[in-house]
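Quick one: the structure is below, questions incoming.
The values are calculated or read from the model by the stated rules, or taken from the named source; none is laboratory data. Since the structure is predicted, the reported quantities are computational estimates derived from the model, not experimental observations. Note that each Cβ is placed from the backbone with ideal geometry, even for glycine, and that neighbours are counted across all protein chains shown. We work out accessible area using only protein heavy atoms, side chains counted, and drop any ligands, DNA or RNA first. Shrake-Rupley method; radii C 1.70, N 1.55, O 1.52, S 1.80 Å.
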Amino acid sequence: MPPSDLPLQRREFISAVAGTCLIAHRPAFASTAAPDGAPQPRRVTRLETGWKFSLGHAVDVERDFGFGRDQRTFAKAGAGTADATLAKFDDRVWQSVRVPHDWAVALPFAEPKSPPKDRADAMAAHGFKAIGRDFPQNSIGWYRVTLPVGPADKGQSIWLEFDGVFRDCIVFVNGYAAGGSASGYAPFCVDIADFLDYDGGPNVLTVRVDASLGEGWFYEGAGIYRHVDLVRAAPVHIPQWGTFVRSELGSGRAQLLVTTDVVNDGAAPVEVLLRQQMFDSRKRIVAECEDARFTLAPGQRSAQDGSTFVDAPSLWSLENPDLYTMVSEVIVAGQVIDRVETRFGIRSIRFDAERGFFLNGKPVKLLGTCNHHDHAGVGTAIPDALHAWRVAQLKEMGSNAWRSAHNPAAQVLLDACDSMGMLMIAEARQNSTSDEALGEIERMVLSSRNHPCVILWSLGNEEPHQATERGARINAELAARVKRLDPTRQSTFAMDQGWDTGVGRVVDVLGFNYRTDKIEAYHGRHPDQPVYGSETGSTVATRGEYTNDPARHIVRAYDTEHPWWASTAEEWWTIVAERTYIAGGFVWTGFDYRGEPTPYAAFPSVSSQFGILDTCGFPKDNYYYYRAWWRPDQPLVHLLPHWNWAGREGQPIEVWAHGNAEEVELKLNGRSLGRKGMPRNRHLEWQVPYATGRLEAIGYNGGRVVARDVRETSGLAHAVKLKVDRRMAKAGDVVILNAEVVDSRGRPMPTADNLLRFTVANGEVIGVGNGNPNSVEPDLATERRAFNGLAQAIVRINRSGPVNLAVSSAGLAGSRLRIVAL
Ligand code: GAL
């Protein structure tokens, strides 16, 4: 059916989704829970290896491989808009890269030489990387890869699924401009079947990416920084994002409501049978929809509604994030010609204006963090295992929710949140009703609505129009669109002022950025609207530092420093913890991120200092504040600062204990300095005259020792210890290596800055970091200075078998580890 024959709602939906293929899609995430022995008629090839990369040039045509050589750049189809788009182009001198790839990580840092303030700010925004309009030589990236397509693929529907490219890219196939995306964050699809050479080849995919302009005020990376899949399917197939599973909980069973699209991209009418079965996480079939039989005319796309029941469902929860898989089979003339797996969870969510958020009927306080999507060493090209590792660090702290600030998240991240039990607020980047912005938000919803982790659609953040009538108009339209695509979730918006007006009046659940103390009065005025802290905190701190030093851009890591608009951890959490009606809060931020250097916006500050953890995921002291109060059933005491203060003997040192034990006793070299009651959701402080030795905090509940923490004066740096996040990993995965400098008795050296070298057999170091917000050392290296004793390497494993990992440093004893790759 051509779009004009579709019912109104579907027609609008299809035409607004700029950048999607009308013909062809598959679900956002292929399930790993496929029943054994089932046919696999569709082939999905993840394009990770075999890519070549070169920088182009934003103004010099010759250095941009002829792109824009004359006004006929796009005049003739397939004639080769630029030399590099043609299959015959010789790319042997280009760099071999693996996708996901962020080319900005490898660029040098650029110190602005007395620029006007606005330009210096712009450079600071992305962490002083030499990219953008002032660096045309670094701002265009070209990628090429040969597509594995041959004679057997003739007549198939073939498309590419990009999960995110930063930004403004054109996708060429054999010289044809086949598609692209302006958005640097929204997933998009490119139909390429017509442009392929099925009998000879090679078939070359070229992507020109233009990162001259930004979309945010933070580091955004550059290039194909998320996965790309090549999909080959029968002409009659389920298009991308063509399945939607909703669950409604009843007593003892759940009803599943399913909508599945099937499209006929062939030339003849077809009788179709759609069979859909539900499998649990142990691959046992638990339910099936009634078979749907229907006829599809050439070009027709049909949405099939179905429903079924699952008895005694295992609900998706934070503690037991159990997942189901729907297997949808398209059967023509008795043959399964397409098969798609959709992972979903059975759970209910609800926001209540008086009692906060409910998951499966039980109240859950949202213990959240906001995060951008970059990590030390690798920038925005975060490998899958590192996404999961980052989620695990926050889970361990007791966090149960993540806000993807301020853009749609990678599918891999949503998948990790699904599997690990982390709730997610999914957020759009462009807050507008232009076709481009609508396309972005709709693609976000379509790609992510089967993920049980997603609890809210965030339409935007602190837009200049947030408190205006125009803002209300735009967001009312966005909220309505989103609700049409997903009636199961509500909309939200993160506002930092004017909550009573504008957007605040049109979204379901209202977010407060900072100003947590204003929520109470707002709730009094609008008692029927659920509220939460969409950005809370935020303490700025440099890991392992305990004195403010503006000259070195260092901020002490006690919970005392924050920008004027923000607050400490203790200030916001004591407000939210005590009020049931506030659904929770999202700390700005879980991890430090590149760019937006705060509180010091000048070179060489290249990252923010808002994080509870630094850019490597090493915890700062506030981590233990949250860990204490977000996991109150796990007794904890944490002492700060370190106890290496040579030269300050006899002088008072400010000592804090975070923790959740009822009482904490402090001892210096075995002598008690007193026992104090720990006030709920707060911390304890002492002034302790410095003497070398052992400072110990002992936590008591009901008079019994339940937790301890020790800081000991360490001697000279003697060795470097190595830790790896897991002992078994898959070939192709990354593992996270953390190195720590210690003295001869294994005690941490809290200020060590030794240069550490990482070596790997059967793998490679793909990035290094140390969490220092003021470090301009290269990320793509095998060595890094420790920062306050710690450094990190991200290692990609080559093949199955043993993997030997080692760290060394001049004058220190090194360490080795062996892990096994499967
Ligand atoms: C907020 C904004 C965030 C970040 C933060 C820094 O206003 O939404 O993206 O800039 O301030 O405090």
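Starting from 0.36 nm per residue, how many nanometres of slack lie between V820 and E354 once their C-alpha separation is accounted for?
Working it through step by step, the gained length comes to 162.6 nm.
Counting residues in the chain as N, plug N into 2.2 N^0.38 Å and put the Cα Rg over that result.
That ratio works out to 0.97.
What spacing in nm lies between the two simple spin-label points modelled at T547 and E469, each 7 Å away from Cα in the Cβ direction?
Output for this residue pair reads 5.8 nm.
Right, here's the next one. Can you order the peptides 640-652, 777-789 by their average number of other Cβ atoms within 10 Å per residue, highest first?
Going from most to least packed, we get 777-789, 640-652.
Calculated FRET efficiency, S251 and E654, Cβ-Cβ r, R0 45 Å, to nearest 0.05?
0.20
Hey, quick one: spin label on E764, modelled 7 Å out along Cα-Cβ, who in region 724-742 has an amide N within reach, i.e. under 20 Å?
729-737
Beyond 19 Å, how much of the Cα-Cα pair distribution for region 304-384 remains, as a whole percent?
In whole percent, the share of Cα-Cα pairs in region 304-384 beyond 19 Å is 65.
Charges at C-beta only: +1 for Lys and Arg, -1 for Asp and Glu. How large is the resulting dipole of region 354-630 about its Cα centre, in Debye rounded to 20?
That gives a dipole near 480 debye.
What is the distance in Å between the Cα centres of region 474-524 and region 383-403?
Between the Cα centres of region 474-524 and region 383-403 lies a distance of 26 Å.
Say R0 is 45 Å: what FRET efficiency, to the nearest 0.05, do Q634 and S114 get from their beta-carbon distance?
0.30
Order these peptides, 499-509, 725-735, by their mean beta-carbon neighbour count within 10 angstrom, highest first.
499-509, 725-735
Let me ask something else about it. Taking the Cα centre as origin and putting +1 on Lys and Arg beta-carbons and -1 on Asp and Glu beta-carbons, what dipole magnitude results for the chain, to the nearest 20 debye?
1700
Above 19 Å lies some portion of the pair distances; for region 115-168, what is it as a whole percent of all C-alpha pairs?
More than 19 Å apart: 55 percent of the Cα pairs in region 115-168.
Rank S534, A376, A82 by how far each Cα sits towards the positive end of the charge dipole of the chain (+1 on Lys, Arg Cβ; -1 on Asp, Glu Cβ) and give me just the farthest.
Positive-end residue among those listed: A376.
If you don't mind, there's one more thing I want to ask. Looking at the P(r) of region 400-489, how many percent of alpha-carbon pairs lie beyond 23 Å?
Tail of the P(r) past 23 Å holds 20 percent of the pairs.
Okay, moving on. Binning every alpha carbon pair distance of region 645-712 at 10 Å from zero, what are the percents per bin?
Spelled out bin by bin, region 645-712 gives 22, 53, 22, 4 percent.
Okay, moving on. With charges set only on the Cβ (+1 for Lys and Arg, -1 for Asp and Glu), what does the dipole of region 340-486 come to about its Cα centre, in debye to the nearest 20?
The dipole magnitude comes to about 500 debye.
Beyond 24 Å between alpha-carbons counts as too far, so tell me which of K52/K88; K52/K723; K52/K113; K88/K129; K362/K395; K129/K721 fall in that bin.
Pairs exceeding the cut-off: K52/K723; K52/K113; K88/K129; K129/K721.
Can you give me the solvent accessible area of E520 with a 1.4 Å probe, rounded to the nearest 10 Å²?
E520 has an accessible surface of roughly 90 Å² with all protein chains in place.
What is the calculated FRET efficiency for D508 to W565, with r their C-beta to C-beta distance and R₀ = 25 Å, to the nearest 0.05?
My answer for the efficiency is 0.50.
Hey, another quick one. So for the chain, taking the charge dipole from beta-carbon charges (+1 Lys/Arg, -1 Asp/Glu), which of V336, G699, Y593 sits furthest toward the positive end?
My answer, from the dipole projection, is G699.
Considering the convex hull of the alpha carbon atoms of region 145-253, report its projected area averaged over all viewing directions, in nm², one decimal.
10.3
For region 321-436, which whole percent of the accessible surface, found with a 1.4 angstrom probe, sits on carbon and sulfur atoms?
About 47 percent, which is the carbon plus sulfur part of the accessible surface.
Cross-link candidates for K676: which lysines have Cα within less than 20 Å, leaving aside residues fewer than 8 places away along the same chain?
List returned: K667.
Less than 17 Å from a label point 7 Å out along the Cα-to-Cβ axis of Y581: which backbone N atoms in region 506-541 qualify, by residue?
Under 17 Å, as judged by backbone N against the label point of Y581, lie 508-512, 516-534 of region 506-541.
If one computes the Cα centroid of region 544-622 and of region 754-822, what distance in Å separates the two points?
Comparing the Cα centres of region 544-622 and region 754-822, I get a distance of 27 Å.
Further question: Let's test this: bin the Cα-Cα distances of region 719-821 at 10 Å from zero up to the farthest pair and state each bin's percent.
Calculated over all Cα pairs of region 719-821, the distribution is 17, 49, 28, 5 percent.
A follow-up question, please. If you take the Cα Rg of region 354-630 and divide it by 2.2 N^0.38 Å, with N the number of residues, what do you get?
Scaled against compact globular proteins, the figure is 0.96.
Using a 10 Å cut-off on Cβ atoms, rank the peptides 711-721, 65-75 from the highest mean neighbour count down.
711-721, 65-75
State the answer as a single residue: which of A292, S251, S302 lies farthest towards the positive end of the charge dipole of region 243-344, with beta carbon charges of +1 for Lys and Arg and -1 for Asp and Glu, about the Cα centre.
About the Cα centre, the residue reaching furthest to the positive side is S251.
Based on the alpha-carbon gyration tensor of region 243-344, what equivalent-ellipsoid semi-axes (square roots of 5 times the eigenvalues) come out, in whole Å, largest first?
The equivalent ellipsoid of region 243-344 has semi-axes of 29, 12, 11 Å.
Accessible area per residue, 1.4 Å probe, Å², for the chain: what's the number?
Per residue, the chain has 37 Å² of solvent-accessible surface.
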